[in-house]
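This report concerns only the one structure given below.
A short reminder: the numbers here are calculations on the coordinates, not readings from a lab. Note that this is a predicted model, so its numbers are computed, not measured. Backbone-built Cβ (ideal geometry, glycine too); neighbour counts: all protein chains shown.
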Number of protein chains: 2
Amino acid sequence: MLSDNLTLERGIARAATALADHGVISALARPSSLADEAYHSLLLQLDMNLWKVGDKLPTEKALGESLGVSRAVIREALARLRADGRIETRQGAGAFVSDRSKLAAFRTDHANSDTDPLKQELEILELRQIVEAGAAELAAARRHETDLANIRTALEAMLESVAKRSDGSAHDDAFHNAIAQASHNSQIAKFVEFLGAQFSNSRKATWDDIGYGVGIAAVGQSDHSAIYKAIELQDGAKAKRLSHAHVQRAIDRVLLRMNDQKVE
Amino acid sequence: MLSDNLTLERGIARAATALADHGVISALARPSSLADEAYHSLLLQLDMNLWKVGDKLPTEKALGESLGVSRAVIREALARLRADGRIETRQGAGAFVSDRSKLAAFRTDHANSDTDPLKQELEILELRQIVEAGAAELAAARRHETDLANIRTALEAMLESVAKRSDGSAHDDAFHNAIAQASHNSQIAKFVEFLGAQFSNSRKATWDDIGYGVGIAAVGQSDHSAIYKAIELQDGAKAKRLSHAHVQRAIDRVLLRMNDQKVE
DNA sequence: AAGCGTAAGGTTGTCTGACAACATGGCAAC
DNA sequence: GTTGCCATGTTGTCAGACAACCTTACGCTT
């Protein structure tokens, strides 16, 4: 595992992708780039505690040889690990594993993707539920007129989408982001935006034909209206409760899918 | 601004750091690396919407010439932007600005650091308050015996630190992380750990001589004990309320510091 | 005139070699 | 034992080259 040759893996991945393009395989290891694979390979070894905090990683030259790639590729992988706060490098000395108090970035994707995708989606939704409910509560207390106008704009755009039975996921995002903005806490706003981006694929389900058939879009819309009114009336407790319940619907849908999956 | 020469800036930054080392200047632009500066330069231009979503960035060669650095440096900066989901690159085509729905990493540091550091700390604390309160509520509902044991271990280590008036910040971290782990939601656990890491410097104040003098450590300890008991008794509402109040104390201390700052 | 295949040039991905900047350990001088 | 210097190793940066790939334009066919 340590001395794997990436070019070999890459060849296999390429072949797999070629098959996938023909519909033979659904979604496996992407070919991406050598640097990407080196990054994930090193990240995996870091997550497995192959090296302890403070330990010195092999030299760039050694890493390149063990993975069968050039130093430039290794350097890009190390640069990303450094940007995430996983390692620190000192010119002339080497690269060292940094302790957890240096973490500089939060990502939702697992290097070891052995976890069930649905479970991961569920976990992110729970985190989203907590943060968005808190954001709504703050928004009710701090919203200005301009904030209300922004939320209303997104709300009306969504109403129009529902009426036309078209995809309103972009406006859905805008609605939740506008509420987060109304909290007047830029970190919360940025984080809500980030969490929203983690669902760019799965959330579409609410707005496609199936979603309209089941009536998800309509129910979500009445949720949204109620949340807006609570924020407008500065009823923080209500905004929090409604927002929490709104995300709970999405959670319940994921739980249903998980049950369906187990039955098969 | 666009055609700045990084080597020039670097020279100035080096000189500034040299002065700082002699105590003349406190903390200014770090010299770091050329790639680091190129990354922040590009990030700043992206945040200022210099290019619209989908626009093509200048070629690596052009970027390198405009910043006065080699292509290798530019490539490292672009690699980091790509890892954050800010841009996408296609071999043979170029680098393109991606839309916000591709965000792949959450960071608390601002590229445009024109914001008050205290305000930023306040905003992160508010986010932390929301997430940790939610995590405590879930922990109360889902904790196993092993989770309780982990929390208790950290709690007792902190008690010992308080008794010895030594630095217990590491155990403080461990306590909050253990609660987040007890939520049995790995994303929440990871995020709480990440937020904790954003305070590696400022949180020490609770545990130094001043903190002991004011009694912050002691008060925090009674908070911790109460939170633990609520989780043990599976009283989610209480755990949530106590955790919220606990972080509120830290928020209030920051607000005090902000007032002191305004007076000067 | 419209469609299509091909060739040319441009751009990113990767490799190689080189040198500068810095760190570390050992050795010699005191 | 301590100090200072030097050889060696490592990371940071640069330059050039080629492969893989994309885009565009040109010329040919229909």
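Data for the structure
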read-out	value
Ordering of B:53-60, A:178-185 by packing [mean C-beta count within 10 Å, highest first]	A:178-185, B:53-60
Label spacing, shortest first and in nm, from A:Ala62 to its equivalents in the remaining copies (7 angstrom along Cα→Cβ)	4.3
Teacher prompt: B:Asp167 distances to equivalent labels in other copies, 7 Å Cα→Cβ, nm	5.2
Centroid-to-centroid separation of region B:30-57 and region A:240-264 [C-alpha atoms, Å]	39
nm² value of the averaged projected area, convex hull over the Cα atoms of region A:68-140	7.9
24 Å Cα-Cα threshold exceeded, pairs from A:Lys229/B:Lys52; B:Lys56/B:Lys102; B:Lys164/B:Lys190; A:Lys164/B:Lys52; A:Lys204/B:Lys102	A:Lys229/B:Lys52; B:Lys164/B:Lys190; A:Lys164/B:Lys52
Peptide A:92-101 - average C-beta neighbours from other chains (10 Å radius)	2
Nearby aspartates and glutamates by direct alpha-carbon distance to B:Lys238 (threshold 15 angstrom, same-chain neighbours under 8 apart not counted)	B:Glu132, B:Glu137, B:Asp223
Average beta carbon contacts from partner chains per residue of A:184-195, 10 Å cutoff	6
Dimensionless Rg ratio for region B:117-263, taking C-alpha atoms and the 2.2 N^0.38 Å reference	1.00
Footprinting exposure proxy for A:Lys61, B:Lys52 (fewest neighbouring C-beta atoms within 10 Å first)	B:Lys52, A:Lys61
Other copies of A:Arg90: label-to-label distances in nm, shortest first, labels 7 Å along the beta-carbon direction	4.5
Residue mean of other protein chain beta carbons inside 10 Å, A:142-155	0
Per-residue Cβ neighbour rank within 10 angstrom, fewest leading, B:Met258, A:Met48, B:Met158	A:Met48, B:Met258, B:Met158
Mean Cβ neighbour count within 10 Å, used as a protection proxy, ranking A:36-46, A:147-157, B:140-150 highest first	A:36-46, A:147-157, B:140-150
